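One structure is given below, encoded as structure tokens.
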């Protein structure tokens, strides 16, 4: 029997073609017995959201209908299914956006971020969270301490991506690290690298405002590489020339190619930024210098740990939030994010 809320309408923002966000309504969702209904409070704009906004869908992830973006979210539990025991109505929560099958070898071995059957919010064809209410599997919903705001709660997801990247890199205390790109993920990796005892930590970018923010967040060195060869720029700077761990967070082809020369012999490159193209792999340098190249994809098993870091004020996610908008202003918010106007870093949409 259908829930009696089915016909209740809620506000939603649809992407209907490139750079065309439309405010509309849809039915309030029902929930299954293992799900909760969440009143969405805050949603972060991710780089993947901006890509879909800019392109209207990619070759790999086509969008064939009005589509809802957004996967970095927090909210309040309004209703829970009869089998839900870990949450209560009224709980303030953050959401892990990937629903996996739970049966494949990746899920059963704890590497569920690699599940081939994952349904990830705001990854076509699965709708996302720029909507007033969303239903989600309760096992992937985490209670937030009162000291964490909804805006901060929305950033638990990207912080988990950063935390997972540092884990995958095998970064250890006293190891040096280089972060290529001072966007939200790069700035979060910076903080987690410092927590991990990395020294020195150097951050490269082409945006002076983002580099100044990196300095405030603990970077030992920063370098603006605008219109410069990265390898040469480092060689002519006060920064080290090579690092134990290099975090590639730009997804820019030329930066990816240069990263091979920025890791020490036997060092590691953690590939975090996504480049949807073909990059020449410098296999001779990788082999001769025994460079470890590691892909890091989303995150797994770290959501709870990240919440603790934010709760204990060890990870400052609030500092990267530069803009907040209401849902009615979402088109303006995406235009700023797309064109990187007004020194934007992370933009939050306050849905409710």
- Note on the structure: Selection from the stretch 224-263 of residues under 19 Å from residue 174 (Cβ atoms) and either more than 27 Å from the chain's Cα centre (by Cα) or outside the structural domain of residue 287 (by TED's automatic domain parsing) (or both) yields 239, 240, 241
- Message: So, residue 25, is that one free of Cβ contacts under 8 Å to residues at least 40 places away in the same chain and either touching a strand residue (DSSP E or B) at 6+ places or on another chain (Cβ under 8 Å) or surrounded by 17 or more Cβ atoms within 10 Å (Cβ to Cβ) (or both) or not?
- Response: yes
- Counting only residues in the stretch 48-65 that are under 19 Å from residue 338 (Cβ atoms) and out of contact with any helix residue (DSSP H, G or I) (no Cβ under 8 Å at 6 or more places or on another chain), the one modelled with the lowest pLDDT is identified as 57
- Message: Just the residues that are surrounded by 14 or more Cβ atoms within 10 Å (Cβ to Cβ) and more than 18 Å from the chain's Cα centre (by Cα), please, taken from the stretch 306-328.
- Response: 311, 325, 327
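Is at least one residue of the stretch 277-288 closer than 30 Å to residue 99 by Cα and surrounded by fewer than 21 Cβ atoms within 10 Å (Cβ to Cβ)?
Of the stretch 277-288, the ones closer than 30 Å to residue 99 by Cα are 277-278.
After this cut, where a residue has to be surrounded by fewer than 21 Cβ atoms within 10 Å (Cβ to Cβ) as well, the list is 277-278.
Within the stretch 277-288 (the criterion being closer than 30 Å to residue 99 by Cα and surrounded by fewer than 21 Cβ atoms within 10 Å (Cβ to Cβ)), the answer is yes, since at least one residue qualifies.
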- Query: Within the group 303, 334, which residue is in contact with a helix residue (DSSP H, G or I) (Cβ under 9 Å, 6 or more places away or on another chain), in the same structural domain as residue 148 (by TED's automatic domain parsing) and surrounded by 19 or more Cβ atoms within 10 Å (Cβ to Cβ)?
  - Reply: 334
- Note on the structure: Checking 178, 155, 171, 187 in turn, the sole residue that is farther than 21 Å from residue 259 by Cα and buried (at least 22 other Cβ atoms within 10 Å of the Cβ) turns out to be 155
- Query: Can you find a residue in the stretch 221-242 that is under 29 Å from residue 149 (Cβ atoms), at pLDDT 95 or above and surrounded by 17 or more Cβ atoms within 10 Å (Cβ to Cβ)?
  - Reply: yes
- Message: When you check residue 103 against the structure, is it under 25 Å from residue 184 (Cα atoms) and more than 17 Å from the chain's Cα centre (by Cα), yes or no?
- Response: no
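The values are calculated or read from the model by the stated rules, or taken from the named source; none is laboratory data. Keep in mind that what you see is a predicted model, and the values were worked out from it rather than measured. Positions of Cβ are generated from backbone atoms using ideal geometry, with glycine treated the same way; all protein chains shown enter the neighbour counts.
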